[in-house]
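One structure is given below, encoded as structure tokens.
The values are calculated or read from the model by the stated rules, or taken from the named source; none is laboratory data. Because the structure is predicted, anything quoted here is derived from the model rather than measured. FYI the Cβ positions are ideal-geometry reconstructions off the backbone, even for glycines, and counts take in every protein chain you see.
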């Protein structure tokens, strides 16, 4: 006779839920951390235990999430994204395909998909994958061309970005020494490279456009990897972008797809801010080349900071502001 299984206990579900590993509960972790950041920023009289209960998270798990911090690997300025399936065709390979088609005329354009891939060293992908990847880039480019068909139309766009500087232990450096000083104590660098947690990172945000260059704004984060949260980004929008809107500037803000900028269509706090303030914006194509004018502005600033010794936040910020002020508007408008 078959034994009748016992009736399930409702508390069993709680036990099972507690046994679920935290690594596949990233959405819940993000909600918990986001809610706590919002409460702390607004000064609301709620405690973290209320947040844990609201998202059905056990107290021990909730406090562990708080201790570990916010998405330590996601969109780190020093680490490569490891989540999700890796693209079969990398952005570098996509640019190589585009360059080949542009430079080899009709002989290059008459090749079959796999023959085209072979010419730029791409292997292990199907013809359909190549066609779809190039098609996505074409669709995005066609959409932007319809939105801004003339070069003059792009003068409304203000390109924004973040940049990160480090204080503390350095990586490999160039040591100046005279003959015979190879083993001099002042000419030897320690071989142990610093970990990310040992570096003190300073973060800045700015925007440029045709006949426009914003101030460069310093911002801080609550974690050590420099990941900007949505609350941090709203602070930047309030500080920099809101005055442009209030004085009636006609512009469109370009942003990358970082999660702090609110790219997902889920009614996050950044999207709500943009809607409430009637901010016009668009997100840059994920696999597009770094041709944005603001990308050319960071290297002069970094070169200026390397020219002088800097050991503290105040000195570094002064050097960054000086380097940013030295960028001529003519070099942006080219």
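Brief remarks follow.
- The set of residues in the stretch 95-115 being over 17 Å from residue 135 (Cα atoms) and either touching a strand residue (DSSP E or B) at 6+ places or on another chain (Cβ under 7 Å) or exposed (fewer than 11 other Cβ atoms within 10 Å of the Cβ) (or both) consists of 103, 105, 106, 107.
- Filter result (free of Cβ contacts under 8 Å to residues at least 60 places away in the same chain and surrounded by 14 or more Cβ atoms within 10 Å (Cβ to Cβ)) within the stretch 296-317: 296, 300, 304, 315
- Looking only at residues in the stretch 264-277 that are over 21 Å from residue 154 (Cβ atoms) and either touching a strand residue (DSSP E or B) at 6+ places or on another chain (Cβ under 7 Å) or not in a helix (DSSP H, G or I) (or both), the one that is modelled with the highest pLDDT is 277.
- Of the residues contained in the stretch 166-176, one or more are found to be in the same structural domain as residue 320 (by TED's automatic domain parsing), at pLDDT 70 or above and surrounded by 15 or more Cβ atoms within 10 Å (Cβ to Cβ).
- Of everything listed in (1) under 23 Å from residue 92 (Cβ atoms); (2) assigned to a helix (DSSP H, G or I), the single unmet condition for residue 293 is (2).
- Selected residue [farther than 30 Å from residue 330 by Cβ and without any contact (Cβ under 8 Å) to a residue 24 or more places away in the chain] from 235, 229: 235
- Residue within the stretch 67-84 that is surrounded by fewer than 15 Cβ atoms within 10 Å (Cβ to Cβ) and modelled with pLDDT of 75 or more present: yes
- Flag if residue 241 is outside any strand (DSSP E or B) and touching a helix residue (DSSP H, G or I) at 6+ places or on another chain (Cβ under 6 Å): no
- Options 303, 259, 288: the member that is at pLDDT 80 or above, more than 29 Å from residue 247 (Cα to Cα) and assigned by TED's automatic domain parsing to the domain that holds residue 232: 303
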